[in-house]
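Taking it in order: structure first as structure tokens, then the write-up.
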Amino acid sequence: MKILESCYISDVRIQNRIVLPAMAMNLARDGYVTREMIEHYGKFARNNVGLVIVEGAAVDPRGKDLHGGLAIYSDKFCIGLNELAEEIKYNGSAAGIQFLHPGGCATPKVEGNEPIAPSSVEYTMFMHGKKSFKAKARELSREEIRSLVEMFAEAAGRAKDCGFDLVEINAAHGWLFSQFLSPNTNKRSDEYGGSFENRIRFSLEVLEAVKSVGIPVIFRIDGSFPSYGGVSDDEILKYAVELEKAGVDCLHVSGGFAITPMIVKRGILLSGAFKIKSAVKVPVIGVGGISVEMAVDLIEKGKIDLVALGRALLADPELVIKLSEKRIKDIRPCTRCNDCIDRLFSSRQFIAKCSINPEVKIEKVEKPKKIVVIGGGVAGMEFARIASIRGHKVTIIEKDQQLGGNLIPASISSFKSDLRSYLEWLKGQLKNVEVLLKTEATSEKIKEIGPELVVIAVGSEHDIPNIPGIETSLKAVDVLTGKVKTGKRVVILGGGRIGCETALHLAEEGKEVTILEILSDIALDLERNYRFALLRELRNKNVKWLCNFKAEKVAERKIFGSIDGKKVEVEFDSLVVATGMKPRKIDIKLEVPTYYIGDCVKPRNVGSAVYEAANLASRI
Ligand SMILES: Cc1cc2nc3c(=O)[nH]c(=O)nc-3n(C[C@H](O)[C@H](O)[C@H](O)COP(=O)(O)O)c2cc1C
Ligand code: SF4
């Protein structure tokens, strides 16, 4: 497989074509490298990733992105950076580090930050949960621009001395370099604004300054076609060519919609990478929702030179080893649920953990136990997977004819295929688990198996609100699985995740759908990238929604209620309820220790079920 063959960026040998792209984890403290960070990046090196690019590090104390973001603007950070680079290199990977400057997007939330930009325009601040806000940046003087160029050069000197093989400049994603490039945000009338040559001047000066230190340089650029921010398609290609002329060693082509959720087609940024590759001779890295199978194919066909697999590696850090052992089916597939980035961007800023990779210690047990798991949903399967690897003898009892629980309706829609792949992966990891399908978990049945402990993971069911006439309605879960059919005009009561996904599912079947939501907006429980893409799809499919709707009664194919005190009635052929879930109860008498995990404790998301199950399985 060509993807596993070595290659070079400048004179840096890379053992294979797989790159861990920069991904901020919030693991640094006050900008300093921590032990957890060294462990985190070392793990990818120990698992044979070709090039490990450490997350965006701040080159300027005024431009940090997170409370737990990494910094390289002072020598005081070098002790940790040196440990980090060595951990990566001694374990066989090439070590890169990204330099990041948010410019006008530097959130005031992080101490010492100041939004500074080519011009004094308004920027959207991220890292504020759902309530991002706009603030005006201060315009940089020419002297300040020159001193910024110097800061990049100093950072590059530190990276080199600390042992990094190469540096990556983040000139994408709307941060400082993009702000210079875009005529919408760069309104300067001096040599840094106006013409294309002037708007790329900052990039070229930084490149020259960093190169002068004597370390290879990757530029991460936006290669979205059609382009955005007032930059023309032609200018994107010219930018790549000018960077190459100025001595860049590699181009990493990202884009506007960088962290695509599962509803967006995989690899949407690749067309940009292909165009740029045909315009330059330096190696090109492609990125963005690329699956392992796609990665193998892209490299085999020579369409790009290296492939960055970000979330795929967070979901399964052993990806390269499993690929080289031809165990592709064992690679835990990232669902592009975006919980990792959602945690990072939440208003409190948490560590960017992967929801399906709990990374618990899995140690063999001395005395294996006989364990029964009641319920074969995510929690039950994840528990059984880990407990069986540890050597326990596990039996899952599932009353349905297949494993999956609520993951079956949750992954059935065309736009949820990534979640379906995860369900298939989980099922495939239960080779040493006994599975009893279509089996009721009665006290007699449990006694017959004779376990030493029982784990209850029976999941959740619809919580039907107490509204007169609601008995005639359908449940979203039954609609999704096809157990019940709806008429042409459908009203969905509840505009959270389940309601909105059911709405899109039905709209794709040609139904006329209206969502009624009690809150001031719909899909408020979704990660921002997913919410943006889902709402766009709902609008494209003509789904309507009414918010602040208080339901009062259902009668004669109408739902009656009020919005801000005004009476409202909506007609339907079918009413579907999606107002929330409640724990499913199980009435069973057991004489052995019993544990409850997952949604039957409290309905939550996949990540909570996985982490709860994995932690129990690792200590039992
Ligand atoms: C948790 C997280 C943190 C990220 N942090 C950075 C960053 O510091 N710099 C950067 O250029 N991109 C960052 N990204 C974007 C990734 O490098 C990558 O472009 C993106 O995840 C798409 O690739 P994938 O679909 O293979 O994950 C981050 C992505 C995630 C999920
Ligand atoms: S949290 Fe979701 S998107 Fe992030 S790596 Fe894990 S599975 Fe992928």
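This table checks each residue for (1) among the hydrophobic types (A, V, I, L, M, F, W, C); (2) in contact with an Asp or Glu (Cβ under 9 Å, 6 or more places away or on another chain); (3) surrounded by fewer than 18 Cβ atoms within 10 Å (Cβ to Cβ).
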{"site": "Glu325", "(1), (2), (3)": "no, no, yes"}
{"site": "Val360", "(1), (2), (3)": "yes, no, yes"}
{"site": "Phe383", "(1), (2), (3)": "yes, yes, no"}
{"site": "Ala387", "(1), (2), (3)": "yes, no, no"}
{"site": "Lys399", "(1), (2), (3)": "no, yes, yes"}
{"site": "Lys416", "(1), (2), (3)": "no, yes, no"}
{"site": "Tyr422", "(1), (2), (3)": "no, no, no"}
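Kindly evaluate Gly31 against the criterion of being on the phi > 0 side of the Ramachandran plot, assigned by TED's automatic domain parsing to the domain that holds Ile221, away from ligand 2 (no atom under 16 Å from the Cβ) and surrounded by fewer than 24 Cβ atoms within 10 Å (Cβ to Cβ).
yes
When both residues are 6+ apart or on different chains and their Cβ atoms are under 6 Å apart, which pairs have a first residue that lies in the stretch 167-184 and is more than 17 Å from His252 (Cα to Cα), and a second that is more than 10 Å from ligand 1 (Cβ to nearest atom) and among the β-branched types (Val, Ile, Thr)?
Gln179/Thr185; Ser182/Val231
Please determine, by comparing only the residues of the stretch 62-83 that are in contact (Cβ under 8 Å) with a residue 60 or more places away in the chain and surrounded by 20 or more Cβ atoms within 10 Å (Cβ to Cβ), which one is nearest to Gly163 (Cα to Cα).
The residue in question is Leu81.
For the stretch 84-111, give me each residue that is assigned to a helix (DSSP H, G or I) and either outside the structural domain of Met37 (by TED's automatic domain parsing) or surrounded by fewer than 21 Cβ atoms within 10 Å (Cβ to Cβ) (or both).
Glu86, Lys89, Tyr90
Somewhere in the stretch 226-237, is a residue surrounded by 18 or more Cβ atoms within 10 Å (Cβ to Cβ) and within 20 Å of the chain's Cα centre (by Cα)?
No, that holds for no residue.
Considering only residues that are near ligand 2 (Cβ under 7 Å from one of its atoms) and polar (S, T, N, Q), look in the stretch 302-343 and name the one that is nearest to Gly68 (Cα to Cα).
Only one residue tops the list, namely Asn338.
Please determine, by comparing only the residues of the stretch 1-27 that are more than 11 Å from ligand 1 (Cβ to nearest atom) and among the small types (Gly, Ala, Ser), which one is nearest to Ala155 (Cα to Cα).
For the stretch 1-27, the residue satisfying everything is Ser10.
Could you pull out the residue among Ser119, Ser189 that is assigned to a loop (DSSP other than H, G, I, E, B), assigned by TED's automatic domain parsing to the domain that holds Gly255 and crowded, with 19+ Cβ neighbours inside 10 Å?
Just one listed residue meets the conditions, Ser119.
List every residue pair whose Cβ atoms sit under 7 Å apart, with the two residues 6 or more apart in sequence or on different chains, where the first one lies in the stretch 471-483 and is part of a loop (DSSP other than H, G, I, E, B) and the second, anywhere, is among the aliphatic types (A, V, I, L, M).
What qualifies is Ser473/Val554; Ser473/Leu575; Ser473/Val576; Ser473/Val577.
What pairs come out if I take residues in the stretch 238-264 that are closer than 30 Å to Ser411 by Cβ and hydroxyl-bearing (Ser, Thr, Tyr) and pair them with residues that are within 16 Å of ligand 2 (Cβ to nearest atom) and not in a loop (DSSP other than H, G, I, E, B) whose C-beta lies under 9 Å away, six or more apart or interchain?
Filtered contacts from the stretch 238-264: Ser254/Ala308; Thr260/Asn529; Thr260/Ala533.
The values are calculated or read from the model by the stated rules, or taken from the named source; none is laboratory data. Small disclaimer: the values here were computed from a predicted structure and weren't measured. Because the Cβ atoms are built from the backbone with ideal geometry, glycine has one as well, and the counts that use them run over all protein chains shown.
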